[in-house]
1. Assign one of three labels to segment 55-99, namely rounded, prolate or oblate, based on the Cα gyration tensor with a ≥ b ≥ c the square roots of its eigenvalues; rounded applies when a/c is under 1.5, prolate when it is not and a/b is larger than b/c, and oblate otherwise.
2. Under a 1.4 Å probe, what is the accessible area of segment 1-86 per residue, stated in Å²?
3. Let a ≥ b ≥ c be the square roots of the eigenvalues of the Cα gyration tensor of segment 1-96; is it rounded (a/c under 1.5), or, if not, prolate (a/b larger than b/c) or oblate?
4. According to the square roots a ≥ b ≥ c of the eigenvalues of the Cα gyration tensor, what is the shape class of segment 5-58, taking rounded for a/c under 1.5, prolate for a/b larger than b/c otherwise, and oblate for the remainder?
Amino acid sequence: MASFNKVILMGNLTRDPDVRATGASGMKVARLGLAINERRRDRSGQLQDFPVFVDVDAWDKLAELCGQFLSKGSPVLVEGRLQMDTWEKEGVRHQKLKVRATTIKFLAPKGDQRQQYHRQDQQQPAPVPAANTLESDPEDLPF
(Lines give C-alpha, C1' and ligand atoms only; values in the text may rest on other atoms or scores of the structure.)
Protein backbone atom coordinates (compact mmCIF):
# COMPACT_ATOMS: atom_id res chain seq x y z
CA MET A 1 0.00 0.00 0.00
CA ALA A 2 1.32 3.44 -0.91
CA SER A 3 1.79 6.07 1.75
CA PHE A 4 1.81 9.84 1.82
CA ASN A 5 3.35 12.04 4.52
CA LYS A 6 2.77 15.79 4.15
CA VAL A 7 1.69 18.38 6.69
CA ILE A 8 0.70 22.02 6.18
CA LEU A 9 0.24 24.11 9.33
CA MET A 10 -0.26 27.80 10.01
CA GLY A 11 0.13 29.39 13.41
CA ASN A 12 2.34 31.50 15.67
CA LEU A 13 5.62 30.61 17.33
CA THR A 14 5.33 29.96 21.06
CA ARG A 15 9.01 30.76 21.71
CA ASP A 16 12.11 32.09 19.98
CA PRO A 17 13.73 29.51 17.66
CA ASP A 18 16.38 27.42 19.39
CA VAL A 19 19.18 27.08 16.79
CA ARG A 20 22.00 24.65 17.50
CA ALA A 21 24.83 22.93 15.66
CA THR A 22 24.67 19.13 15.71
CA GLY A 23 27.58 16.74 16.15
CA ALA A 24 30.91 16.98 14.37
CA SER A 25 29.31 18.02 11.07
CA GLY A 26 28.05 21.26 12.59
CA MET A 27 24.74 20.97 10.72
CA LYS A 28 22.23 23.49 12.08
CA VAL A 29 18.84 22.59 13.50
CA ALA A 30 16.19 25.04 14.68
CA ARG A 31 13.58 23.81 17.11
CA LEU A 32 10.33 25.74 16.86
CA GLY A 33 7.17 25.60 18.94
CA LEU A 34 4.02 26.32 16.92
CA ALA A 35 0.59 27.15 18.34
CA ILE A 36 -2.41 26.58 16.09
CA ASN A 37 -5.79 27.81 17.28
CA GLU A 38 -8.76 25.62 16.57
CA ARG A 39 -11.98 27.58 16.93
CA ARG A 40 -15.00 25.56 18.00
CA ARG A 41 -18.02 25.83 20.25
CA ASP A 42 -17.67 24.89 23.90
CA ARG A 43 -20.38 23.13 25.94
CA SER A 44 -22.32 26.36 26.41
CA GLY A 45 -22.34 27.03 22.65
CA GLN A 46 -19.84 29.92 22.76
CA LEU A 47 -17.00 30.03 20.25
CA GLN A 48 -13.68 29.30 21.94
CA ASP A 49 -10.09 29.01 20.74
CA PHE A 50 -8.51 25.67 21.61
CA PRO A 51 -4.77 25.77 20.95
CA VAL A 52 -2.88 22.83 19.51
CA PHE A 53 0.88 22.86 20.16
CA VAL A 54 3.24 21.28 17.62
CA ASP A 55 7.03 20.93 17.68
CA VAL A 56 8.77 21.70 14.38
CA ASP A 57 12.38 21.05 13.37
CA ALA A 58 14.04 22.99 10.54
CA TRP A 59 17.48 21.99 9.25
CA ASP A 60 20.48 23.52 7.47
CA LYS A 61 19.99 26.93 5.81
CA LEU A 62 16.31 26.98 6.75
CA ALA A 63 17.32 26.67 10.41
CA GLU A 64 19.70 29.63 10.11
CA LEU A 65 17.02 31.78 8.46
CA CYS A 66 14.51 30.90 11.19
CA GLY A 67 16.99 31.94 13.86
CA GLN A 68 17.71 35.18 12.03
CA PHE A 69 14.19 36.32 11.11
CA LEU A 70 11.71 34.67 13.52
CA SER A 71 10.88 35.28 17.16
CA LYS A 72 8.17 34.40 19.66
CA GLY A 73 4.76 35.30 18.22
CA SER A 74 5.87 35.28 14.57
CA PRO A 75 3.13 33.99 12.24
CA VAL A 76 4.36 31.23 9.91
CA LEU A 77 3.10 28.68 7.43
CA VAL A 78 4.98 25.38 7.71
CA GLU A 79 5.08 22.59 5.14
CA GLY A 80 6.80 19.36 6.03
CA ARG A 81 6.36 15.77 7.07
CA LEU A 82 5.62 13.95 10.28
CA GLN A 83 8.57 12.32 12.00
CA MET A 84 8.70 10.16 15.13
CA ASP A 85 11.60 10.93 17.47
CA THR A 86 12.56 8.18 19.90
CA TRP A 87 15.11 8.25 22.70
CA GLU A 88 15.90 6.46 25.92
CA LYS A 89 16.43 8.23 29.23
CA GLU A 90 17.17 6.44 32.49
CA GLY A 91 16.10 3.13 30.96
CA VAL A 92 12.72 4.48 29.82
CA ARG A 93 11.93 4.71 26.12
CA HIS A 94 10.27 7.96 24.99
CA GLN A 95 8.61 8.94 21.71
CA LYS A 96 7.43 12.25 20.32
CA LEU A 97 5.74 13.10 17.05
CA LYS A 98 7.21 16.19 15.36
CA VAL A 99 7.08 17.98 12.03
CA ARG A 100 10.25 18.15 9.96
CA ALA A 101 9.88 21.35 7.96
CA THR A 102 10.73 21.46 4.27
CA THR A 103 9.34 24.97 3.69
CA ILE A 104 8.56 27.80 6.09
CA LYS A 105 6.80 30.90 4.86
CA PHE A 106 7.26 33.92 7.09
CA LEU A 107 3.85 35.59 7.18
CA ALA A 108 4.80 38.81 8.95
CA PRO A 109 5.59 41.32 6.23
CA LYS A 110 9.02 42.90 6.23
CA GLY A 111 8.12 46.27 4.80
CA ASP A 112 5.63 45.41 2.07
CA GLN A 113 7.37 42.26 0.94
CA ARG A 114 6.68 38.77 2.28
CA GLN A 115 9.54 36.30 2.17
CA GLN A 116 9.45 32.56 1.52
CA TYR A 117 12.42 30.37 2.26
CA HIS A 118 12.91 26.78 1.14
CA ARG A 119 15.37 24.11 2.09
CA GLN A 120 18.57 24.69 0.20
CA ASP A 121 18.49 21.28 -1.48
CA GLN A 122 14.89 21.68 -2.66
CA GLN A 123 14.61 22.50 -6.35
CA GLN A 124 13.35 25.99 -7.07
CA PRO A 125 11.12 26.57 -10.08
CA ALA A 126 12.58 28.77 -12.79
CA PRO A 127 11.16 32.29 -12.81
CA VAL A 128 8.52 32.84 -15.46
CA PRO A 129 8.90 36.09 -17.39
CA ALA A 130 5.89 38.36 -17.71
CA ALA A 131 3.97 37.95 -20.95
CA ASN A 132 4.89 41.39 -22.21
CA THR A 133 8.63 40.72 -21.83
CA LEU A 134 8.74 37.65 -24.05
CA GLU A 135 10.76 38.34 -27.13
CA SER A 136 9.85 36.04 -29.98
CA ASP A 137 9.48 36.26 -33.66
CA PRO A 138 5.86 35.76 -34.79
CA GLU A 139 7.25 33.35 -37.41
CA ASP A 140 8.43 31.03 -34.59
CA LEU A 141 4.98 30.60 -33.01
CA PRO A 142 3.43 27.12 -33.55
CA PHE A 143 -0.06 28.48 -34.29
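The values are calculated or read from the model by the stated rules, or taken from the named source; none is laboratory data. It should be emphasised that the depicted structure is a prediction, and the values quoted were computed from it without experimental measurement. All accessible areas refer to the heavy atoms of the entire protein, side chains included, with ligands and DNA or RNA removed. Shrake-Rupley method; radii C 1.70, N 1.55, O 1.52, S 1.80 Å.
1. Working: a/c = 2.49, a/b = 2.20, b/c = 1.13.
Since a/c reaches 1.5 and a/b is larger than b/c, the shape of segment 55-99 is classed as prolate.
2. On the way: 5600 Å² over 86 residues.
Computed with neighbouring chains in place, this is 65 Å² per residue.
3. Prolate is the answer for segment 1-96, as a/c is 1.5 or above and a/b outweighs b/c.
4. prolate
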